[in-house]
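Below you'll find the structure, written out as structure tokens, and then a few comments.
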Amino acid sequence: MELTLVTSAFCGACSRTRAVMADAGRYLPDATVAEIDVAREPQAAEALDIRVTPTVIIRDAGGTEVFRAEGVPTVPQVLQAAVRALPA
């Protein structure tokens, strides 16, 4: 499972989302947490069709996107979405 946070330097909500992702990550020890800065990696952001920051994307082990949230999600939202990424 991969948790991806897409951020930008001018985004105030991104720091709150980083904290949410860190909290959620503690409950998901097998998850990979990655961060993409739209200014440093514009091609990656474009490939992901990012319109706003922060954006959180959760993918299952096969790379299929199972959740996307624009704005600051809550830890329970991230954990509920992560359940969709677990193998059946």
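At a glance:
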| item | result |
| --- | --- |
| Odd one out for residue 24, checked against (1) more than 15 Å from residue 69 (Cα to Cα); (2) small (Gly, Ala, Ser); (3) surrounded by 15 or more Cβ atoms within 10 Å (Cβ to Cβ) | (1) |
| Candidate set: the range 27-51, residues that are of a type in the set (Asp, Glu) and over 18 Å from residue 68 (Cα atoms); chosen: the one modelled with the highest pLDDT | 41 |
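Here's the yes/no breakdown for (1) loosely packed, with under 12 Cβ neighbours inside 10 Å; (2) touching a Phe, Trp or Tyr at 6+ places or on another chain (Cβ under 7 Å); (3) not hydroxyl-bearing (Ser, Thr, Tyr):
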residue	(1), (2), (3)
29	yes, no, yes
35	no, no, yes
45	no, no, yes
48	no, no, yes
51	yes, no, yes
59	no, no, yes
64	yes, no, no
74	no, no, no
79	no, yes, yes
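The values are calculated or read from the model by the stated rules, or taken from the named source; none is laboratory data. None of these values were measured; they are calculated from a predicted model. Please note: Cβ atoms are built from the backbone with ideal geometry, for glycine as well, and neighbour counts cover all protein chains shown.
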